[in-house]
Amino acid sequence: MRIRAATTDDLPILQDIEDAAGEPFRTVGMIEIADDAPPSIEVLDEYRRDGRAWVAVDDDGDTPIAYLISEEVDGTEHIDQLSVHPQAARRGIGATLIDRAADHARAQGLTALTLTTFTEVPWNAPYYERLGFHIVDDAELTPGLRKIRAREAEHGLDRWPRTVMRRDL
């Protein structure tokens, strides 16, 4: 497996990965999450142009099997989306993409990674805890993270327990 910057040609494949990665949410009764549309090509391209879109590619070629997109939020590198195709799951690909985002953050002089996630989904908060993230108390949220959480609430994501997590670098 190799990590590289996403290209324009990758963007439709990232949408396919997102759709496939959503399917396991059906098994925990989160049908709306499984059915949620992936980010648009235009949105994905903004991350790509900002140098904050990475893909993991398969060993047999150069086809993406996972991706991570992020943005700077209040002095941290905020992971907006990490998705691994289910056929490539449980191989450390997500952790490797997170490490790539951490390298990028360090190079930018940032001090932490942040993300938002579901607390009761096994491949969400418990997974990130194993990777060194900790839950951030609501009273400690920065303005940018509060704004992200408000957008998520507007999108209906608070129907299920959700939190902000942080990993210091």
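The values are calculated or read from the model by the stated rules, or taken from the named source; none is laboratory data. Quick caveat, the model's predicted, so the values are computed rather than measured. Don't worry about glycine lacking a Cβ; one is built from the backbone with ideal geometry, like all the others, and counts go over all protein chains shown. Please note that ligands, DNA and RNA were not included when accessible areas were found on the heavy atoms of the full protein model with its side chains. Shrake-Rupley method; radii C 1.70, N 1.55, O 1.52, S 1.80 Å.
Some points to look at:
- Residue selected from the stretch 82-105 under the condition among the charged types (D, E, K, R) and either modelled with pLDDT under 95 or farther than 22 Å from LEU169 by Cα (or both), by the criterion surrounded by the most Cβ atoms within 10 Å (Cβ to Cβ): ARG91
- Positions within the stretch 101-153 being among the β-branched types (Val, Ile, Thr) and not in a strand (DSSP E or B), in sequence order: THR111, THR119, VAL121, THR142, ILE148
- Residues of the stretch 109-121 that are in contact (Cβ under 8 Å) with a residue 24 or more places away in the chain and more than 23 Å from ARG151 (Cβ to Cβ): THR111 alone.
- Test: residue in the stretch 8-31 that is touching a Leu at 6+ places or on another chain (Cβ under 6 Å) and surrounded by fewer than 16 Cβ atoms within 10 Å (Cβ to Cβ): no
- Comparison of ALA139, ALA105 shows that the only residue that is among the aliphatic types (A, V, I, L, M) and without any contact (Cβ under 8 Å) to a residue 12 or more places away in the chain is ALA139.
- Qualifying residue in the stretch 156-169 (condition: closer than 18 Å to ALA21 by Cα and touching a Gly at 6+ places or on another chain (Cβ under 7 Å)): no
- Of residues in the stretch 55-71 being of a type in the set (Asp, Glu) and more than 10 Å from ARG2 (Cα to Cα), the one most open to solvent (accessible area, probe 1.4 Å): ASP60
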